[in-house]
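Chemist: So that we are looking at the same thing, I have put the structure below in structure tokens.
Throughout, read-outs are computed from the coordinates displayed, never taken from laboratory work. Everything numeric in this text was worked out from a predicted model, so none of it was measured. Every residue, glycine as well, gets a Cβ built from its backbone with ideal geometry; the counts of neighbours run over all protein chains shown.
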Amino acid sequence: MHGHALRDGMEGSGLLPEVDGGHGHRTLRPIEASGLVSSPWECDSAAPGRRQDAITDAGVRSLEAAERGLGMARDRLALFFAMYRARVEQGADAAGPNGL
């Protein structure tokens, strides 16, 4: 996937605010250096060269680990909000010594 297509897809999904194309490429370079993406040059004699960005197997594993960690954080937050709502519904007097 070319950088502009990646950027457009992320902006369109709401995952990324609108950014200029150069910023996206500068962001990808350290990620490429870590082995999570590859960005070889695609050269066509009729057009200037451009990078073809792709996630690597290590990048997929990293995303999967992040998804698991974020899922656990989401579950903890859901528990916290459920406990908080129960406290509010019961009134502050019913709260335990730690306030929840």
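Chemist: What is the local net charge at residue 55, summed over the other residues whose Cβ is closer than 13 Å to its Cβ (Lys, Arg +1; Asp, Glu -1)?
Modeler: Numbers: positive: 61; negative: 32, 53, 57, 64.
Computed value for this residue: -3.
Chemist: While we're looking at this one, here's another question. Can you give me the long-range amide H partners of residue 37? Hydrogens built in the peptide plane at 1.01 Å from N, cutoff under 5 Å, separation of 5 or more residues or another chain.
Modeler: It is 32, 56, by chain and number.
Chemist: Provide 60, 37 in ascending order of the number of other Cβ atoms located within 10 Å of each residue's Cβ, fewest first. Please list the in-between numbers first.
Modeler: Values: 60 11, 37 19.
So the ranking, lowest neighbour count to highest, is 60, 37.
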